[in-house]
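S.K.: After the structure tokens below, expect a handful of questions from me.
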Amino acid sequence: MTPIHIYILFSVRADKFYIGRAQNPWKRLEMHNNGEMEKFTGKYKDWQLLAVFEVRGSSGDAEKIERYLKTQAEEELIVKMVKPDYTPKGPLEKLYRVER
């Protein structure tokens, strides 16, 4: 089974973070920057991949974590998550940081 990843992007132009979910976040980054993605990220083409986490669990777990981060997490948590020494806890404990 191919792992699902939660990834964090940042756009300098928009001064915004974006949280996404994909099997291959590096390919998805290309799609965001090539304008292949609709809605919010399609408006900006300067997305940088700041962090990638593998979800240790089901695709349903990945969906719940992504939804949690998009709806309940404050920017302060996102800023903490992109730091290399961040250790996921609580509702994020199924996340494991991966490097490329």
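S.K.: Is it true that some residue in the range 55-63 is at pLDDT 95 or above and part of a strand (DSSP E or B)?
M.R.: Yes, some residue in the range 55-63 is at pLDDT 95 or above and part of a strand (DSSP E or B).
S.K.: Among the numbered conditions (1) more than 20 Å from ARG100 (Cβ to Cβ); (2) modelled with pLDDT under 90; (3) open to solvent by 30 Å² or more (accessible area, probe 1.4 Å), tell me where LEU77 comes up short.
M.R.: It fails just one condition, (2).
S.K.: Looking only at the range 12-37, filter to residues that are assigned to a loop (DSSP other than H, G, I, E, B), under 18 Å from LYS70 (Cβ atoms) and among the aliphatic types (A, V, I, L, M); which one of those is most open to solvent (accessible area, probe 1.4 Å)? Explain how you work it out, then say what you get.
M.R.: Just the residues of the range 12-37 that are assigned to a loop (DSSP other than H, G, I, E, B), to begin with: 12-15, 23-24, 34-37.
When the remaining residues are screened for being under 18 Å from LYS70 (Cβ atoms), the result is 14-15, 37.
Cutting the leftovers down to among the aliphatic types (A, V, I, L, M) gives us 14, 37.
Working: ALA14: 19, MET37: 43 Å².
Within the range 12-37, the match that is most open to solvent (accessible area, probe 1.4 Å) is MET37.
S.K.: Which one of LEU50, LEU9 is open to solvent by 50 Å² or more (accessible area, probe 1.4 Å) and touching a strand residue (DSSP E or B) at 6+ places or on another chain (Cβ under 6 Å)? Give the steps one after another, and end with the answer.
M.R.: Values: LEU9 fails: open to solvent by 50 Å² or more (accessible area, probe 1.4 Å).
On inspection, the qualifying residue turns out to be LEU50.
S.K.: Kindly provide the set of residues from the range 88-97 that are under 23 Å from THR2 (Cα atoms) and either open to solvent by 30 Å² or more (accessible area, probe 1.4 Å) or in contact with a Cys (Cβ under 6 Å, 6 or more places away or on another chain) (or both), ordered by number. Let's see the steps before the verdict.
M.R.: First, the residues of the range 88-97 that are under 23 Å from THR2 (Cα atoms): 88, 91-97.
Scanning the range 88-97 gives PRO91, GLU93, LYS94, TYR96, ARG97.
S.K.: Say whether the condition of being among the charged types (D, E, K, R) and on the phi > 0 side of the Ramachandran plot is met by at least one residue in the range 70-83.
M.R.: Filtering the range 70-83 for residues among the charged types (D, E, K, R) gives 70, 74-76, 80, 83.
After this cut, where a residue has to be on the phi > 0 side of the Ramachandran plot as well, the list is none.
The answer is no; no qualifying residue exists.
S.K.: Kindly indicate which of ARG100, ARG67 is open to solvent by 100 Å² or more (accessible area, probe 1.4 Å), modelled with pLDDT under 90, within 20 Å of ILE4 (Cβ to Cβ) and not in a strand (DSSP E or B).
M.R.: Answer to the check: ARG100.
S.K.: Given the conditions (1) open to solvent by less than 90 Å² (accessible area, probe 1.4 Å); (2) of a type outside the set (Val, Ile, Thr); (3) outside any loop (DSSP other than H, G, I, E, B); (4) under 20 Å from ARG100 (Cβ atoms), report the number of the one that PHE40 does not fulfil.
M.R.: PHE40 satisfies all of (1) open to solvent by less than 90 Å² (accessible area, probe 1.4 Å); (2) of a type outside the set (Val, Ile, Thr); (3) outside any loop (DSSP other than H, G, I, E, B); (4) under 20 Å from ARG100 (Cβ atoms) except (4).
S.K.: On to the next question. Mind checking which residues of the range 13-31 are over 25 Å from SER58 (Cα atoms) and either touching a His at 6+ places or on another chain (Cβ under 8 Å) or of a type outside the set (D, E, K, R) (or both)?
M.R.: Passing the criteria: only ALA14.
The values are calculated or read from the model by the stated rules, or taken from the named source; none is laboratory data. Note that the structure is predicted; figures quoted are calculated from it, not measured. We place every Cβ from the backbone using ideal geometry, glycine too, and count neighbours over all the protein chains shown. In case anyone asks, the SASA skips ligands and DNA or RNA and just uses the protein heavy atoms, side chains included. Shrake-Rupley method; radii C 1.70, N 1.55, O 1.52, S 1.80 Å.
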